[in-house]
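To start, the structure under review is shown below, and the notes come after it.
The values are calculated or read from the model by the stated rules, or taken from the named source; none is laboratory data. Not measured: the values here are computed from a predicted model. Cβ: placed from backbone, ideal geometry, glycine included. Neighbour counts: every protein chain shown.
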Amino acid sequence: MFDVENYNKLEGYVNKEEIIEVMRDFVATDSRNAIPDIDDYKIYEEPLVGFAAADDPMYEELRAETIIGPHHKLPTDWLDGAKSVISYFLPFSKEIVESNKVEGPPSEEWYLARYWGEEFNIAMRDHLV
């Protein structure tokens, strides 16, 4: 069984609070977290971050036909010897969300946030690795 207390600071690994702080700082300070075409609109708010053991039995449950299916790869299929999984979600900024509240096609801000946001997301992943 996965022991959350021991996971907080595993010897030889970066602890989860450090990872969260690096991510928060990157979102708050990196200039790519803005839409350059529209007065540098901020794209994302503070990230939501979760951690799980790579051998968590819930990953195996995703292989059920009624969920994803047997083709679903486990964390250890992606990276031999994986110990943990970090998942994060980058919520759009209030400005981006507000811009898209009207009926009809997506707002220009929303469209550009999708494009520039993915560029930022790639930079975030590269920064973490």
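Would it be correct to say that SER93 is more than 17 Å from VAL129 (Cα to Cα), small (Gly, Ala, Ser) and modelled with pLDDT of 95 or more? Reasoning before the result, please.
Numbers: more than 17 Å from VAL129 (Cα to Cα): yes; small (Gly, Ala, Ser): yes; modelled with pLDDT of 95 or more: yes.
Yes; evaluated as a whole, the condition is true for this residue.
Condition check ((1) surrounded by fewer than 12 Cβ atoms within 10 Å (Cβ to Cβ); (2) acidic (Asp, Glu); (3) farther than 30 Å from TYR41 by Cβ) across all residues:
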| site | (1), (2), (3) |
| --- | --- |
| GLU65 | yes, yes, yes |
| HIS72 | no, no, yes |
| ASP77 | yes, yes, yes |
| ILE96 | no, no, no |
| GLU103 | yes, yes, no |
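Do you know which residues across segment 43-57 are at pLDDT 95 or above, charged (D, E, K, R) and surrounded by 15 or more Cβ atoms within 10 Å (Cβ to Cβ)?
Scanning segment 43-57 gives a single hit, GLU45.
Among the residues of segment 81-129, which ones are in a helix (DSSP H, G or I) and among the β-branched types (Val, Ile, Thr)? Lay out the reasoning, then the answer.
Within segment 81-129, the first condition is being in a helix (DSSP H, G or I), and the residues that meet it are 94-99, 108-128.
Matches in segment 81-129: ILE96, VAL97, ILE122.
Within segment 24-68, take every residue that is among the charged types (D, E, K, R) and touching a residue at least 60 places away in the same chain (Cβ under 8 Å) and give me the one that is farthest from ASN121 (Cα to Cα).
Going residue by residue through segment 24-68, those that are among the charged types (D, E, K, R) are 24-25, 30, 32, 37, 39-40, 42, 45-46, 55-56, 60-61, 63, 65.
Then keep just the ones that are touching a residue at least 60 places away in the same chain (Cβ under 8 Å); that gives 30, 32, 37.
Working: ASP30: 11, ARG32: 9, ASP37: 18 Å.
Across segment 24-68, the extreme among qualifying residues is ASP37.
Taking GLY117 as the residue in question, decide whether it is at positive phi and either surrounded by 14 or more Cβ atoms within 10 Å (Cβ to Cβ) or without any contact (Cβ under 8 Å) to a residue 24 or more places away in the chain (or both). I'd like the intermediate steps shown before the answer.
Values: at positive phi: no; either surrounded by 14 or more Cβ atoms within 10 Å (Cβ to Cβ) or without any contact (Cβ under 8 Å) to a residue 24 or more places away in the chain (or both): yes.
For GLY117, the condition - at positive phi and either surrounded by 14 or more Cβ atoms within 10 Å (Cβ to Cβ) or without any contact (Cβ under 8 Å) to a residue 24 or more places away in the chain (or both) - is not met.
Based on this model, can you work out whether ASP55 counts as of a type outside the set (Gly, Ala, Ser) and in a helix (DSSP H, G or I)? Lay out the reasoning, then the answer.
Details: of a type outside the set (Gly, Ala, Ser): yes; in a helix (DSSP H, G or I): no.
Considered against the rule, which asks whether it is of a type outside the set (Gly, Ala, Ser) and in a helix (DSSP H, G or I), ASP55 comes out as no.
Say whether the condition of being touching a strand residue (DSSP E or B) at 6+ places or on another chain (Cβ under 6 Å), acidic (Asp, Glu) and not in a helix (DSSP H, G or I) is met by at least one residue in segment 31-51.
Scanning segment 31-51, I find at least one residue that is touching a strand residue (DSSP E or B) at 6+ places or on another chain (Cβ under 6 Å), acidic (Asp, Glu) and not in a helix (DSSP H, G or I), so the answer is yes.
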